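Here the structure is laid out as structure tokens; the discussion comes afterwards.
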Amino acid sequence: MLKRKKNKNEDAGAEVSQGISAEGNLIHRHWLIALLAIALPLLACFAYLLLLRDAGLQEQQIVRTARSHAAQQAANIESLLLQYRERLSAAATSPLALSAIASGKPQDLALVEKAMLDYFPGVTSLRLIALGKLGTATVENSEMGLRNNIEVDLLRRTNQGSPTQPESYEFSGQWLTSLAQAVQHPRQPDKRAVILATLDNRVFNTSLSAMGAELGRSELLQFYRSGNFTREDIIAAAGSGAAEDYRAETSLNGGKWQLRFTPSAQMLSLYRVDNMPLIIVAVSMLVIVIVAMSVLLLSIRRTLSAEVERITSGAERKSTMSLTIPQLLPLAREYRRATLRNTSALGGGKRSGRVAAVAREAKPVPDDIGIETEELAEEDVAPAIAAPESSSLPPDVFRAYDIRGLVESEITEEFSTLLGRALGSIAGEEEQQALVVGCDGRNSSPALKNALVKGLLDSGRDVVDIGLVPTPLMYFATTKPNTRSGVMVTASHNPSDYNGFKITLKGKPLSGEGLQMLRERMQEGKFSEGAGRLAKQDIKSSYLDAIISDIAITSPLRVVIDAGNGAAGDIAPRVLEGLGCEVIRLYCDIDGNFPNHHPDPAVDENLKDLSAKVLEEGADFGVAYDGDGDRLSVVTSSGDIVRNDLLLMLFAEDVVSRNPGADVVFDVKCSRHLTQLVSKHGGRPILWKTGHAFMREKVMQTGALLGGEFSGHIYFGERWYGFDDAIYATARLAEILSGTGLDMITLLEEYPVTENTPEIKIPVSDEEKFDIVTRLAEKGGFGSGKLTTIDGVRVDFNDGWGLLRASNTTPALTARFEAHDADALERIKQQFRDQLSEVAPELDAGF
């Protein structure tokens with residue numbers, strides 16, 4: 001067999017091949033780079049279209065539609081109101097109405113009202129009220145058949161010629177809207193009347209439903225603004241909506257009302273963009289690019305292979321080479337020269353080494369800084385523990401608006417820990433993670449506070465301990481966004497062997513049913529488990545700064561402060577001194593034994609030392625606080641005690657004169673002259689139950705700028721936070737006195753002088769007191785007196801009034817009386833004595 005002899009070129013090629021190796025396919029890498037260079041911008045464009053542009057267009061369309069819907073609904077409501085206004089205006093000039101007010105006869109007015117009612121579809125009631133020469137200050141609900149102060153105010157302002165807007169209010173569980181129109185006889189100027197029409201707000205619900213309730217929820221809101229306080233009520237609504245991010249609002253009714261529209265999920269689906277076609281186009285284009293690049297890659301590889309074959313064969317055959325790729329010509333020429341020289345040195349080149357990659361220095365990743373939190377799962381809740389003995393949870397300590405009882409026998413450390421676990425569990429369910437805890441200066445308070453904190457921590461709640469402070473500072477701490485709940489360990493004005501708890505949950509006082517629910521949770525023993533965190537905070541400096549920045553004292557005053565050895569003994573003098581007043585301290589050393597007198601300023605006997613000190617020091621006035629600083633009593637420069645309803649008149653005149661139409665809330669123990677004063681200055685008087693929790697809830701509910709109780713709780717909603725704060729009330733009193741330049745005696749002389757009694761306490765057991773009051777309300781005969789049973793039994797006569805109610809804090813009945821003169825006062829007291837002897841003959845009335 002013949003063997004072909006290897007030529008030198010083959011030997012040289014073998015040597016070269018042994019010294020050369022391929023380091024990856026450069027063509028493939030370039031192909032991948034080119035593919036990415038094309039595909040990534042393409043994908044970025046489609047991502048922009050899918051994620052940003054289309055979503056943005058969709059959102060803009062939804063927002064525009066929601067705004068348009070809100071505006072149209074508002075226009076519909078305005079159109080409806082305009083129809084009623086135009087009909088009222090036409091009715092006011094009708095001969096029928098003018099004839100009726102000219103005659104002034106009730107039967108004529110009634111006939112006109114009935115005739116007009118047929119002309120006003122949707123109106124639930126229509127009244128034609130002839131005013132004649134009647135002044136606005138004497139218009140009362142009982143005389144005109146009006147429902148509330150809103151209608152009284154509409155009547156008064158319409159009669160005065162002031163412009164009015166329709167106003168809504170809740171009456172007997174139903175929302176109504178009243179409109180007023182003045183009627184003036186053209187030829188008899190003294191013949192005047194007001195047409196008062198009342199709509200059932202369901203006509204607005206019908207109007208709101210007309211545009212399609214399935215598209216979203218339309219709400220008609222009414223705003224009440226007074227000072228820094230704003231309250232909103234939903235007075236009509238239709239539909240349901242879930243997309244709160246696209247909520248739209250439009251004002252109407254002169255800015256007092258607002259139409260709020262929240263789109264539904266169904267409406268959002270109408271504007272949802274179908275992205276599938278765009279996705280299909282994007283994927284198709286990406287596939288086309290990949291296929292095209294792959295075809296191009298194969299074409300390049302074939303072309304290169306063909307060119308290399310030409311170079312090799314042309315060099316060996318010494319024939320002419322015709323190349324398609326010009327860049328390969330130098331290589332072809334060099335290869336031919338090498339072949340022609342028949343050199344063996346072709347394999348002498350060395351491959352260059354790889355450049356070592358420089359390792360980048362890795363930066364350490366910092367650990368997460370913060371506190372890990374876990375939501376309690378159902379299995380994290382502690383199983384029910386054995387319910388405590390019923391004797392350990394005496395029902396009498398859970399009173400109407402706080403928890404209060406005897407230390408060691410009723411309020412114990414075990415009770416306090418159990419209370420903490422129950423309250424912490426309820427707070428967790430209400431999404432309240434942190435609670436503020438403070439205590440007064442009673443000897444038992446620190447231990448009870450520590451036990452309470454332990455229970456709260458064990459339930460998984462965090463605790464902010466603010467230490468020994470008056471109750472208003474605990475309330476002040478709960479005005480902060482992250483601490484809306486808190487507990488104050490205190491028994492207020494009770495003797496030193498009592499203690500208890502005042503509780504705020506989500507910014508509202510826990511009372512009534514809330515306290516009973518808390519007791520039930522303590523009995524069930526079903527608590528959440530956790531390990532809360534404890535922090536201590538000094539709130540006094542913030543509280544001090546807040547009052548000093550709010551109050552302006554124009555001339556220095558000399559003030560005596562009797563803290564009764566209670567919790568206000570430290571901070572109250574610092575507040576007055578910070579305002580520039582000279583303070584004379586009396587019993588300001590905090591002592592839980594209350595060695596000088598009981599910390600109850602409502603008892604005249606406890607104010608004797610204060611009155612004497614004011615006279616001795618020549619002070620402008622004196623003030624006494626209860627044990628936890630949320631109640632006060634005041635004495636004048638002459639040492640006379642100022643009844644707190646009289647003090648409330650001074651505050652009410654100051655507040656209402658700056659805020660016409662403001663609500664003022666006061667309890668059943670206050671003088672009825674307070675009602676007349678508030679109305680005289682354009683405010684709205686509201687009589688309510690006694691009790692700091694009840695009063696505070698009413699102040700918050702109504703948005704009142706002022707509230708007060710005869711016992712000395714004062715609530716300022718103007719410039720303050722609406723909780724009872726005797727220290728802030730003292731600062732406001734100093735501001736009024738310094739601003740007017742008059743002493744308190746001169747200011748109080750403007751108010752009516754009456755014969756009245758202090759609050760009279762009649763000892764009776766907790767088990768009997770409520771039954772006695774109930775029997776008196778049901779069986780008592782008070783003749784022509786007007787009976788009010790909102791809290792106990794209050795009877796108003798033409799020349800005075802009397803009150804008997806069950807105390808919510810002590811085992812006693814409380815009574816108070818007021819009259820024009822001493823004879824009337826004695827007559828009213830005798831009537832109460834007689835009726836009380838009928839329902840409780842064994843009871844000594846004590847008045």
**Item:** Those residues of the stretch 715-751 which are closer than 26 Å to Arg574 by Cα, open to solvent by 20 Å² or more (accessible area, probe 1.4 Å) and part of a helix (DSSP H, G or I), in sequence order
**Value:** Glu735, Gly739, Thr740, Ile745
**Prompt:** What residue, among those in the stretch 547-567 that are assigned to a helix (DSSP H, G or I) and crowded, with 16+ Cβ neighbours inside 10 Å, is nearest to the chain's Cα centre (by Cα)?
**Reply:** Ile547
**Item:** Cross-chain or 6+ apart pairs with Cβ under 9 Å, the stretch 245-267 first and touching a residue at least 40 places away in the same chain (Cβ under 8 Å) and on the phi < 0 side of the Ramachandran plot, then of a type in the set (A, V, I, L, M) and open to solvent by 70 Å² or more (accessible area, probe 1.4 Å)
**Value:** Arg260/Ile234; Thr262/Ala242; Pro263/Ala242; Ser264/Ala242
**Prompt:** Any idea which of (1) touching a Gly at 6+ places or on another chain (Cβ under 7 Å); (2) open to solvent by less than 10 Å² (accessible area, probe 1.4 Å) is the one Gly682 doesn't satisfy?
**Reply:** (2)
**Count - residues of the stretch 783-806 that are over 19 Å from Glu755 (Cβ atoms) and modelled with pLDDT of 90 or more** = 10
**Complete:** Subset of the stretch 491-532, residues out of contact with any Pro (no Cβ under 9 Å at 6 or more places or on another chain), more than 18 Å from Gln432 (Cβ to Cβ) and crowded, with 21+ Cβ neighbours inside 10 Å, comes to Ala491, Tyr498, Asn499, Gly500
**Asked** Within the stretch 415-460, how many residues turn out to be open to solvent by 20 Å² or more (accessible area, probe 1.4 Å), of a type outside the set (Gly, Ala, Ser) and within 27 Å of the chain's Cα centre (by Cα)?
**Response** 8
**Message:** With the requirement that a residue be in contact with a Cys (Cβ under 9 Å, 6 or more places away or on another chain) and either touching a residue at least 60 places away in the same chain (Cβ under 8 Å) or polar (S, T, N, Q) (or both), what does the stretch 427-449 give you?
**Reply:** Ser445
**Request:** Can you give me the ranges of the strands (runs of 3 or more DSSP E) entirely in the stretch 213-307 with at least 1 residues that are of a type in the set (Asp, Glu) and within 19 Å of Ser68 (Cβ to Cβ)?
**Result:** 216-226, 248-252
**Complete:** Exactly one of Lys779, Lys761 is in contact with a strand residue (DSSP E or B) (Cβ under 8 Å, 6 or more places away or on another chain) and at pLDDT below 95, and that residue is Lys761
**Complete:** If we keep only residues of the stretch 718-753 that are in contact with a Phe, Trp or Tyr (Cβ under 9 Å, 6 or more places away or on another chain) and of a type in the set (Val, Ile, Thr), then the residue farthest from Lys502 (Cα to Cα) is Ile736
**Request:** Check whether at least one residue in the stretch 219-239 is more than 30 Å from Thr164 (Cα to Cα), open to solvent by 60 Å² or more (accessible area, probe 1.4 Å) and out of contact with any Leu (no Cβ under 6 Å at 6 or more places or on another chain), and report yes or no.
**Result:** no
**Message:** Can you list the strands (runs of 3 or more DSSP E) lying wholly within the stretch 754-847 that have 2 or more residues being in contact (Cβ under 8 Å) with a residue 60 or more places away in the chain and surrounded by 20 or more Cβ atoms within 10 Å (Cβ to Cβ)?
**Reply:** 800-806, 812-819
**Those residues of the stretch 510-538 which are assigned to a loop (DSSP other than H, G, I, E, B), among the hydrophobic types (A, V, I, L, M, F, W, C) and at pLDDT below 95, in sequence order** = Leu510, Ala531
**Extreme residue, nearest to Gln222 (Cα to Cα), among residues of the stretch 162-190 that are assigned to a loop (DSSP other than H, G, I, E, B) and open to solvent by less than 60 Å² (accessible area, probe 1.4 Å)** = Pro166
**Message:** Which pairs turn up if I take residues in the stretch 52-63 that are at pLDDT 65 or above and look for partners that are assigned to a helix (DSSP H, G or I) with beta carbon separation below 8 Å, at least 6 apart in sequence or on another chain?
**Reply:** Glu59/Tyr246; Ile62/Tyr246; Ile62/Met267; Ile62/Leu268; Val63/Tyr246
**Complete:** Out of (1) open to solvent by 20 Å² or more (accessible area, probe 1.4 Å); (2) more than 24 Å from Pro495 (Cβ to Cβ); (3) out of contact with any Phe, Trp or Tyr (no Cβ under 8 Å at 6 or more places or on another chain), the one Pro573 does not meet is (1)
**Request:** For the stretch 577-594, state whether one or more residues are open to solvent by less than 20 Å² (accessible area, probe 1.4 Å), of a type in the set (S, T, N, Q) and more than 16 Å from Ser611 (Cβ to Cβ).
**Result:** no
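The values are calculated or read from the model by the stated rules, or taken from the named source; none is laboratory data. Source: prediction; values computed, not measured. Reconstructed Cβ throughout: ideal geometry from the backbone, glycine too, with neighbour counts over all protein chains shown. With ligands, DNA and RNA removed, areas are computed over all heavy atoms of the protein, side chains included. Shrake-Rupley method; radii C 1.70, N 1.55, O 1.52, S 1.80 Å.
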